[in-house]
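S.K.: One structure, as structure tokens, below. Some questions next.
The values are calculated or read from the model by the stated rules, or taken from the named source; none is laboratory data. A quick note: this is a predicted structure, and the numbers were derived from the prediction, not measured. When we count neighbours, we look across all protein chains shown, and the Cβ atoms used for this are built from the backbone with ideal geometry, even at glycine. With ligands, DNA and RNA removed, areas are computed over all heavy atoms of the protein, side chains included. Shrake-Rupley method; radii C 1.70, N 1.55, O 1.52, S 1.80 Å.
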Amino acid sequence: MNPAQDGNDLVLSLDYAVQFKAELVLRNAVKKHRAEGGRIIIMNPHNGDVIAMAQQPTFDLNKFSEQKDPSVFMNSNVSSVYECDSVFKSFTMVSGLDAGVIESDDTFVDTGSVNISGYEIKNSEEKVYGEQTMTGIIENSINTGVIFVEKKLGNAKFLEYVEKFGFGEKTGINLPAELNGNISNLKTNRDIEYYTASFGQGITVTPIQLATAYSVIANGGSLYQPRIVKAVVDSSNQKREIKPAVIEKVISQNAANQVSLMLEKNVTNGHGKTAGVPGYRLAGKTGTAQIADKEKGGYVEDATTGSFAGFGPVDNPEFVILVVIDDPKDVKWAESTAGPVFGEMAKFMLEH
């Protein structure tokens, strides 16, 4: 009979202090807003390292066998999908800048709606903004504005960028049960699908895809494979490093810089004010998404998922943070749920 051998030790990318804080802040936010749940991912945009990853609801490791709901054992940051809504506008805008079809000070006139194939697409709360720059589109989160950018790009080019950012494919993070997300409706080449996708509706993403894609903007254009295991140490104490892996160059540094300044203005002047930290330059975008009704089709009435995705400091980003709050009961908009959580975590990161 062979004697037992020790297994491998894993060296993780997680920072214990940041992980502890993320768990605490997320739990408090979910409780405050009486939400169904929530998620946080914090990454180093320069190498793909996951610094913290938390979810609610979760379980007590000391009482594993007492848990009644098996769904909490699933890591919803990699094994769940959702329509992320307006946080996706950053990718449409930066794609247009990278392709050279728009400049940040270009203008368009918002009439409040766009008609296509018998459908009318409106801005949130049916607002009309009139003449706006591309920066104003991000600050005011104008649906018709990103449709304007998508039309400038064209459907084929828009899809090319969506795929280059990693949507529709697994990120390859070394965690079980990762999902692809779903962008299959863009393969139909129906204009309506592209218009809604330009502001994050009608396509689904995983939180890890979204955080990884925001890292592309933060680091100046490179898509890294997210990493949670940095090294493996075997029973003979031999250490095997897992090196950071660049998948591809997605956008130029110039395009990344331009949209970063737009996202910074969103934090200082727009819907992202609740995510700000006095004295520091932060960039980010809110998204308040309707929740799809999987049984009846369409969307669940009065149910939303709030997201805030961003990074900082703007001039030399050290972290990317994604916050998702599922179906809060007291407030509807992400700027009131996910935004403050981002701000609290960003303040901790900057001080830490």
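S.K.: Does the range 196-211 hold any residues that are surrounded by fewer than 24 Cβ atoms within 10 Å (Cβ to Cβ), farther than 13 Å from Gly168 by Cα and out of contact with any Gly (no Cβ under 9 Å at 6 or more places or on another chain), and which are they?
M.R.: Gln201
Every residue, every condition in (1) under 29 Å from Gly37 (Cβ atoms); (2) not in a helix (DSSP H, G or I), yes or no:
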site	(1), (2)
Asn62	yes, no
Lys68	yes, yes
Ser71	yes, no
Thr92	yes, no
Ser95	no, no
Ile102	no, yes
Val114	no, yes
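S.K.: Right, here's the next one. Could you please give the count of residues in the range 275-309 that are in a loop (DSSP other than H, G, I, E, B), open to solvent by 10 Å² or more (accessible area, probe 1.4 Å) and of a type outside the set (Ser, Thr, Tyr)?
M.R.: Adding up the residues that qualify gives 11.
S.K.: Under 6 Å between Cβ atoms, at least 6 apart or on separate chains: pull out the pairs that start in the range 315-326 with a residue that is more than 16 Å from Gly276 (Cβ to Cβ) and open to solvent by less than 10 Å² (accessible area, probe 1.4 Å) and end on any residue that is of a type in the set (Phe, Trp, Tyr) and modelled with pLDDT of 95 or more.
M.R.: Val320/Tyr214; Val320/Phe311
S.K.: Which of the helices (runs of 4 or more DSSP H) contained wholly in the range 128-189 include at least 1 residues that are hydroxyl-bearing (Ser, Thr, Tyr) and in contact with a strand residue (DSSP E or B) (Cβ under 8 Å, 6 or more places away or on another chain)?
M.R.: Result: 143-153.
S.K.: Then there's this: Just one of (1) under 13 Å from the mean Cα position of the chain (by Cα); (2) part of a helix (DSSP H, G or I); (3) β-branched (Val, Ile, Thr) trips up Thr337, so point out which.
M.R.: (1)
S.K.: Residues being open to solvent by 30 Å² or more (accessible area, probe 1.4 Å) and either in contact with a His (Cβ under 8 Å, 6 or more places away or on another chain) or on the phi > 0 side of the Ramachandran plot (or both): count how many of those fall in the range 337-352.
M.R.: 0
S.K.: Output the residue which, of all residues in the range 65-78 that are free of Cβ contacts under 8 Å to residues at least 12 places away in the same chain and polar (S, T, N, Q), is surrounded by the most Cβ atoms within 10 Å (Cβ to Cβ).
M.R.: Gln67
S.K.: Is there a residue in the range 81-88 that is closer than 17 Å to Arg227 by Cα, touching a Lys or Arg at 6+ places or on another chain (Cβ under 9 Å) and of a type in the set (S, T, N, Q)?
M.R.: no
S.K.: Conditions first: (1) within 15 Å of the chain's Cα centre (by Cα); (2) open to solvent by 20 Å² or more (accessible area, probe 1.4 Å). Ser184 passes all but one, so which condition is the exception?
M.R.: Exception for Ser184: condition (1).
S.K.: Suppose the filter is touching a residue at least 40 places away in the same chain (Cβ under 8 Å), open to solvent by less than 10 Å² (accessible area, probe 1.4 Å), in a helix (DSSP H, G or I) and of a type in the set (Ser, Thr, Tyr); does Tyr214 pass it?
M.R.: Yes: the conditions hold for Tyr214.
S.K.: If you don't mind, there's one more thing I want to ask. Please specify each residue of the range 116-127 satisfying the condition of being within 26 Å of Asp302 (Cβ to Cβ), assigned to a strand (DSSP E or B) and either in contact with an Asp or Glu (Cβ under 9 Å, 6 or more places away or on another chain) or of a type in the set (Phe, Trp, Tyr) (or both).
M.R.: Within the range 116-127, just Tyr119 meets the criteria.
S.K.: Just need a number here: residues in the range 219-238 that are open to solvent by 10 Å² or more (accessible area, probe 1.4 Å) and closer than 20 Å to Asp15 by Cβ.
M.R.: Of the residues in the range 219-238, 9 are open to solvent by 10 Å² or more (accessible area, probe 1.4 Å) and closer than 20 Å to Asp15 by Cβ.
S.K.: Of the numbered conditions (1) open to solvent by 60 Å² or more (accessible area, probe 1.4 Å); (2) touching a residue at least 60 places away in the same chain (Cβ under 8 Å), Lys127 fails exactly one; give the number of that condition.
M.R.: Answer for Lys127: the failing condition is (2).
S.K.: Only one of these is over 21 Å from the mean Cα position of the chain (by Cα) and over 24 Å from Tyr161 (Cβ atoms): Val277, Val323, Val232. Name it.
M.R.: Step by step, each of Val277, Val323, Val232 is checked, and only Val232 is over 21 Å from the mean Cα position of the chain (by Cα) and over 24 Å from Tyr161 (Cβ atoms).
S.K.: Check Val94, Val81 and return the single one that is at pLDDT 95 or above, open to solvent by less than 20 Å² (accessible area, probe 1.4 Å), under 15 Å from the mean Cα position of the chain (by Cα) and among the aliphatic types (A, V, I, L, M).
M.R.: Checking each option against the conditions leaves just Val94.
S.K.: Can you pull out the residues in the range 240-253 that are in contact (Cβ under 8 Å) with a residue 60 or more places away in the chain and open to solvent by 80 Å² or more (accessible area, probe 1.4 Å)?
M.R.: Listed by number, the list holds a single entry, Ile247.
S.K.: Evaluate the following for Val87: is it surrounded by fewer than 21 Cβ atoms within 10 Å (Cβ to Cβ), β-branched (Val, Ile, Thr) and touching a strand residue (DSSP E or B) at 6+ places or on another chain (Cβ under 8 Å)?
M.R.: no
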